[in-house]
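Read the figures in this text as sums done on the coordinates, not as results from a lab. In this text the structure is predicted, and so the values were computed from the model without any measurement. Glycine gets a Cβ as well: all are built from the backbone with ideal geometry, and neighbour counts include every protein chain shown.
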Amino acid sequence: MDGNSADAGDYRAQVGSRFRNPPSLGRLPRPRTPNEAEDEDQRNWNLHNIILSDCCRRLSWPLSGGAASLARLMSTQADSFVVAIDGPAGAGKSTAARGLARRLGYTFLDSGALYRAGAWAARRRDIAWSDGRALGQLTYNLDIRFDNRDGASHIVVDGEDVSEEIRRPEISEGASQVSAFAEVRAGLLALQRRIGASGRVVAEGRDMGTVVFPDARAKFFLTAPIEERARRRTLELAASGRPQNFDVVLAEMQLRDQRDSTRAIAPLRRAENAIEIDTADLSPDEVVARMATIVRERGG
């Protein structure tokens, strides 16, 4: 399938209608049969790559380094094993993913940090978070890398460690906004898949199991009631010296859930074959232990 504009327009029409009334977070429609699941996953893969190809063409990106090679970036190494962890904000994804990567000795891929880095870089360069084309050009050319040192994962953008800056509430909001643009997702998708194809990786985000790594050998969807997620986020902000009122945090989280789950490009949803874990009554260690057991059962 090629990435012509007509196909890309059909894509937008399809995803627009499909996610106009999305299911509630953490809930699934009628289970699909194996044949239905395989057919739909293949359609999603094809349609997503069509619009990414369209973005590369419109932005004059080299297709050899962009969408044309995305499908070849998966499973390029025989011993690669990707664990995909998705879920809404505050569900404990980052803590669990870091803990699981540490326990298994895997690389930790924090996809949320990539979008935060994009939002941070845009603000530094006075690029509006609503300018999809400029954001796409920016993220495509950013030098982003993960630096694991001192027992922690640092994210470095154009040589500057921005690990602390990108955790500010306003940058979190910006990350949610910029991630809605296909141009931005196209700019970062190839990077994520290269990391995933390079070895054993725990990838955390909102579309890891549905779009970025549809063939991941273990998929999890972490969730919790929104009040509990907002409570955790309030405590986290207070501990970092940036206190926020609980009601404000709750309102912002509701808005983000709505935006993330209804965007046309790669919306937040549970992958059909993902294992759902409600983290409300579980400690981080319990969540990690449960996931580690499943990964090892699958040969990870």
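Summary of computed values
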quantity	calculated
Order of Ile155, Ile275 under a 10 Å beta carbon neighbour criterion, fewest first	Ile275, Ile155
Cα gyration tensor shape of region 135-277, rounded if a/c is under 1.5, else prolate or oblate by comparing a/b with b/c	rounded
Gain in span if fully extended, Asp281 to Asp247, counting 0.36 nm per residue against the direct Cα distance	10.1 nm
Ordering of 252-260, 91-99 by packing [mean C-beta count within 10 Å, highest first]	91-99, 252-260
Whole-Å distance, taken between Cα centres, linking region 102-144 and region 234-287	19
Overall form of region 148-211 per C-alpha gyration tensor (a/c, 1.5; a/b vs b/c)	oblate
Region 100-178 shape via C-alpha gyration tensor axes, a/c threshold 1.5	prolate
Two-site label geometry, Glu170 and Ser198: point separation in nm, points 7 Å out along Cα→Cβ	3.3
P(r) of region 211-261 over all Cα-Cα pairs, binned every 5 Å from zero, in whole percent	4, 18, 21, 18, 14, 11, 9, 4, 0
